Amino acid sequence: MTRPAIVWLRDDLRLGDHPALAAALERDGPVILLHVLDDESPEVRPLGGATRWWLHHSLAALAADVAGRGGRLVLRRGRAEEVLPDVAAEADADAVFWNRRYSGARAIDARLKERLRADGLDVRSFAANLLAEPWEVTTGAGEPFKVFTPFWNALRQRDLRDPLPAPEALPGGPDVASDDLDDWGLLPTRPDWAGGLRETWEPGEHAAHRRLEEFARDGLSDYARRDDLDTATSRLSPHLRFGELSPAQLWHRLHGDLAPDARRHVPGFLRQLAWRDFCWSTLSAHPDLARRNLRPAFDRFPWSWDRGDELRAWQRGRTGIPLVDAGMRELWSTGTLHNRVRMVVASFLVKNLLLHWRLGEEWFWDTLVDADEASNPANWQWVAGSGNDAAPYFRVFNPELQAAKFDPSGAYVRRWLPDDGLLAPIVDLAESRRDALDAYETIRHPVRPEAAPR
């Protein structure tokens, strides 16, 4: 009789297009689906509050789906390097499969692969969560791309695999112990600040595909207006972040049956999807992306870390700059933010307030439902100017001009910023812009110290 196989789930909380699960099912034996909450290993970045909320509900949805197909989702909390061997021993498993990840946590995977193989287990990993592996899309010299457009040109020349179907049935494995999801304490309670998240989102694989169909049917036709703040975005990013939907599924659906006015916007949308791959390629090459400037010259940029009052005003949407405050209040309420507004509020923090981009990145990490280890720091560094594919000039977004262009009716600001929320600005936009440009000049043309007297 075939011994059990373990499928280790991470940011791939789905049954469809799941290569690791498909490989386990090919063995025609028992399968254990295992998710490990590893918030102890130093290589793992602990989740923020909003993503913890999403994870709880995504796991609950997945557990119900697994049970409906005859299987069982096993939950364990602890260091993955301890949990995986323990579960394998308890289940008498002889195989462990997983889909690859590309952060610094891949060091855990490498050590586990070596240890479990030494114990005689069949251990395999699979490509599943990007359009292409980071090491498959490189420059002619074999280096990661630092500029997006040539990355995109190389990526779109590749053939993308067909998505795998979800299994109709799952063979249950041994009755190994599982944690109770509620005991993990992923949901906020004191206080429960997640009311807006519940009103805005439905996590889970089935909800992800419903949202994809809605976007393909109704939203894609307006994609050319995606920067306008009265136009809904795809709202697929958190589903992609948790792997409830794979990029291959998204790519192939948008090459399927679409209305003509929607089809013409597919290349533009897929270019945005490819930016996600670009961020993961950057993180794969620079595991310290959330902690260190990609461009070393910005190590000298005079960002501040200690102006707490201004940071709190930004976090709470009380800067007195209407578009910034509206955006930050939307973020706190819904766990998301229109991409155009993300750029505006980020620029305001790092350039008008001259606060370090890491302070903003950490706040987004805690409050965004789609915050992942690649896109979040890569996009903050892009806005700050310290990252890959930065503009050839030091761009400072003007919130007033951005509002006039992308929210001309003022509907977005009125929705998130009632009249009693209007405050006096904490900074003068024109003056702070000049200060930011002056600060940039100090790293472009640093003053050389005078030669020491002989």
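Checking each residue in the stretch 38-75 for being within 17 Å of HIS209 (Cα to Cα) and of a type in the set (Asp, Glu) picks out only ASP65.
Select from the stretch 346-363 the residues that are in contact (Cβ under 8 Å) with a residue 60 or more places away in the chain and within 19 Å of LEU283 (Cβ to Cβ) and write down the one among them that is surrounded by the fewest Cβ atoms within 10 Å (Cβ to Cβ). So the residue we want is ARG358. For residues that are surrounded by fewer than 20 Cβ atoms within 10 Å (Cβ to Cβ) and among the small types (Gly, Ala, Ser), scanning just the stretch 292-345, find the one that is nearest to LEU429 (Cα to Cα). Of everything passing the filter in the stretch 292-345, GLY320 is nearest to LEU429 (Cα to Cα).
Quick check, is GLY172 of a type outside the set (D, E, K, R) and within 28 Å of ALA378 (Cα to Cα)? Step through it out loud before you land on a result.
Numbers: of a type outside the set (D, E, K, R): yes; within 28 Å of ALA378 (Cα to Cα): no.
Spelling it out, it is not the case that GLY172 is of a type outside the set (D, E, K, R) and within 28 Å of ALA378 (Cα to Cα).
Restricting the search to helices (runs of 4 or more DSSP H) fully inside the stretch 230-290 and requiring at least 2 residues that are buried (at least 18 other Cβ atoms within 10 Å of the Cβ) gives 237-241, 247-253, 266-285.
Is at least one residue of the stretch 312-322 β-branched (Val, Ile, Thr), under 17 Å from VAL383 (Cβ atoms) and within 23 Å of the chain's Cα centre (by Cα)?
Of all residues in the stretch 312-322, those β-branched (Val, Ile, Thr) come to 319, 321.
After this cut, where a residue has to be under 17 Å from VAL383 (Cβ atoms) as well, the list is 319, 321.
Applying the additional criterion that residues be within 23 Å of the chain's Cα centre (by Cα) yields none.
Among the residues of the stretch 312-322, not one is β-branched (Val, Ile, Thr), under 17 Å from VAL383 (Cβ atoms) and within 23 Å of the chain's Cα centre (by Cα), which makes the answer no.
A quick yes/no check of all residues on (1) farther than 17 Å from ARG45 by Cα; (2) of a type in the set (Asp, Glu); (3) at pLDDT below 95:
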site: ASN339; (1), (2), (3): yes, no, yes
site: VAL350; (1), (2), (3): yes, no, no
site: LEU359; (1), (2), (3): no, no, no
site: TRP363; (1), (2), (3): no, no, no
site: LEU368; (1), (2), (3): no, no, no
site: PRO377; (1), (2), (3): no, no, no
site: TRP382; (1), (2), (3): yes, no, no
site: PHE397; (1), (2), (3): yes, no, no
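State yes or no: is GLU213 farther than 27 Å from TRP357 by Cβ and either modelled with pLDDT of 95 or more or assigned to a loop (DSSP other than H, G, I, E, B) (or both)? Here the answer is yes, as GLU213 does meet what is asked.
Before we move on, is ALA61 in contact with a His (Cβ under 9 Å, 6 or more places away or on another chain), among the small types (Gly, Ala, Ser) and surrounded by fewer than 21 Cβ atoms within 10 Å (Cβ to Cβ)? So ALA61 fits the description; yes. Checking the structure you have, find out if any residue of the stretch 395-415 is part of a helix (DSSP H, G or I), touching a residue at least 60 places away in the same chain (Cβ under 8 Å) and under 30 Å from ASN129 (Cβ atoms). Checking the stretch 395-415: not a single residue is part of a helix (DSSP H, G or I), touching a residue at least 60 places away in the same chain (Cβ under 8 Å) and under 30 Å from ASN129 (Cβ atoms). Just wondering, is there one or more residues in the stretch 169-188 that are assigned to a helix (DSSP H, G or I), free of Cβ contacts under 8 Å to residues at least 12 places away in the same chain and of a type outside the set (Ser, Thr, Tyr)? The answer is yes; a qualifying residue exists.
Selection of the stretch 189-218 for residues being of a type outside the set (A, V, I, L, M, F, W, C) and over 16 Å from ALA232 (Cβ atoms) yields THR189, ARG190, PRO191, ASP192, GLY195, GLY196, ARG198, PRO203, GLY204, GLU205, HIS206, HIS209.
The values are calculated or read from the model by the stated rules, or taken from the named source; none is laboratory data. Predicted model only: the values in this text are computed from it and were never measured. Heads up, the Cβs are rebuilt from the backbone with ideal geometry, glycines too, and the neighbour counts pull from every protein chain shown.
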